[in-house]
Amino acid sequence: MKIIIVGCGKVGRTIAEQLNGEKHDITVIDSKESVIIRLTDKLDVMGIHGDGSSREILLEAGVSSADLLIAVTDADELNLYICLLASCCGGGRNKINTIARVRKPIYHKDLQETLNMKEALGLSLVINPEQIAALEMSRLIRFPTAIEVDSFARETVEIYTFKVQREFALSGKKISELALLKGSIRICAVERDDNVIIPGGDFVISPNDKVSIICAPSNATKMFKKLGSGNVKAKDVMIIGGSRTAYYLADLLIKSGIDVKIIEKSESRCTELADLLPDAMIIRGDAMNKDLLKAEGLEDMDSIVTLMDIDEENIMLSLYARQRCNAKCITKIDRLVFDDIVDTLPLDSVIRPRELTAESIVRYVRAVKNSEGSNVETLYKLNDGQAEALEFKVSPESKVISKPLSQLEFKNDLQVACITRKGKVIIPKGDDTIEPNDTVIIVTTHKGLQDLDDILK
């Protein structure tokens, strides 16, 4: 696909990197020449230095023949205008698809709830990084043992990634010996010593492995209890920092019956949050003050979420919380470049909004490509991008249909993790078959699979 990205800040760069890895034809536009030079030196993309809200610049970038424009500048209003302008300039073989990053809650709410507003602005998709991050955090709070939770097949199937503790029922066991797993869940990936393995029945699970398990959400609570993780839904959550993400997260948690306490330093922001979230407890204070945290009950909380503006403060607060209580700690990291160091720290779950945003856009791009030959419905990156979980819609022409899985020759490092058929979730065995119109979830370390038939040798 021919894709134009306007705005090459943190989110724009991450989107460009991921889409470049998908072998798309990328053009990036930014008003800072130094940013364009750095990006074009690093990636196989075309760069244009200029104002992305200019019709002349968009035409130079090839908007009239582009398939998709993504506007991710720092200003919501500018992103909306750029998408509207791109829709008016488009005159190629197809109507151009447009994606705008919109962060202000009031704008995002109006775009979602006002009939035909997106169509009037020429928008195909509205992306809100803060809301995406909040949704991910709410899933993790729902299952505190999990490090990551990803949804497939219209949320009828989820993949839960967690770290194995020595006391867990699966620790030291072969996968084939785990009778409690048969028929309802499947271990589809294991990360050990920075290597990702797609395991077979003889694989032995060890303490400190990061294990990814796929199952229906209705089986998840039962699964975690059987594994001995002691997983229970949080009753109360402390959110440190009153950002937009904090607002979205608190709103989701309150609606699910969880008590929420927010600590924020700014008096004016506390007033705003009190108006927006009448059912939350808003505390004005400096969260870097240990006495305040203790007085507000940090040691008794089920979950702690650090959403300060400074990544280093979020990390320090999460590490402190892990020392003082048994709460599930979720840490937001936006700007820190030393990811390899962060991964060595004893943090429960780390949320990177820009990466979540980029993955959402990649999933949308794959869905658009689906109409042009690819049948990938959904894509999630597992284990820091070392593996992929892909959701395929099965076409009647596929080479894999109506044959027992045991008779198909799959590529190495690949697993048929789940089949959904007419709303029923099937954890497949060797005698199961894939049929037309099924949804199939494949977990693999191979990158860039475009068609279900690509799973065959």
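The values are calculated or read from the model by the stated rules, or taken from the named source; none is laboratory data. It should be emphasised that the depicted structure is a prediction, and the values quoted were computed from it without experimental measurement. For neighbour counting, all protein chains shown are included, and Cβ atoms are generated from backbone atoms with ideal geometry for every residue, glycine included.
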| task | Sort out which residues of the range 434-451 are at pLDDT 90 or above and either aliphatic (A, V, I, L, M) or out of contact with any strand residue (DSSP E or B) (no Cβ under 7 Å at 6 or more places or on another chain) (or both), and write them in order of number. | result | I434, V440, I441, I442, V443
| message | Report every pair of residues separated by at least 6 positions or lying on different chains whose Cβ atoms are under 8 Å apart, first residue within the range 251-269 and assigned to a helix (DSSP H, G or I), second among the β-branched types (V, I, T). | response | L253/I141; L253/V237; L253/V260; I254/V260
| request: Would you list the strands (runs of 3 or more DSSP E) that sit entirely within the range 1-79 and hold 2 or more residues that are surrounded by 16 or more Cβ atoms within 10 Å (Cβ to Cβ) and under 25 Å from the mean Cα position of the chain (by Cα)? | output: 2-6, 25-30, 68-71
| said: Which numbered condition in (1) in a strand (DSSP E or B); (2) not assigned by TED's automatic domain parsing to the domain that holds K32 is the only one that I99 fails? | reply: (2)
| message | So, restricting to strands (runs of 3 or more DSSP E) that lie completely within the range 330-430, which ones have at least 2 residues that are closer than 30 Å to S176 by Cα? | response | 376-382, 387-393, 414-421, 424-426
| Residue in the range 173-189 that is farther than 21 Å from K429 by Cβ and surrounded by 16 or more Cβ atoms within 10 Å (Cβ to Cβ) present | no
| remark: Going through the range 171-205 in order, the residues found to be in a helix (DSSP H, G or I) and touching an Asp or Glu at 6+ places or on another chain (Cβ under 9 Å) are I175, S176
| field | Matching residues in the range 144-170 - criterion: being part of a strand (DSSP E or B) and small (G, A, S) | value | A146, S151
| query | Taking the range 410-456 as the search range and keeping residues that are of a type in the set (K, R) and under 17 Å from T378 (Cα atoms), which one is surrounded by the fewest Cβ atoms within 10 Å (Cβ to Cβ)? | reply | K447
| said: Condition first: touching a residue at least 24 places away in the same chain (Cβ under 8 Å), among the charged types (D, E, K, R) and surrounded by fewer than 20 Cβ atoms within 10 Å (Cβ to Cβ). Now tell me which residues in the range 143-163 satisfy that. | reply: E155, K163
| Is it true that some residue in the range 130-143 is modelled with pLDDT under 90 and part of a loop (DSSP other than H, G, I, E, B)? | yes
| Which condition breaks for M308 when tested against (1) out of contact with any Asp or Glu (no Cβ under 7 Å at 6 or more places or on another chain); (2) in contact (Cβ under 8 Å) with a residue 60 or more places away in the chain; (3) part of a helix (DSSP H, G or I)? | (3)
| Restricting attention to the range 253-271, which residues are surrounded by 19 or more Cβ atoms within 10 Å (Cβ to Cβ) and under 22 Å from the mean Cα position of the chain (by Cα)? | L253
| query | Does D275 fit the bill of being out of contact with any strand residue (DSSP E or B) (no Cβ under 9 Å at 6 or more places or on another chain), modelled with pLDDT of 90 or more and surrounded by fewer than 17 Cβ atoms within 10 Å (Cβ to Cβ)? | reply | yes
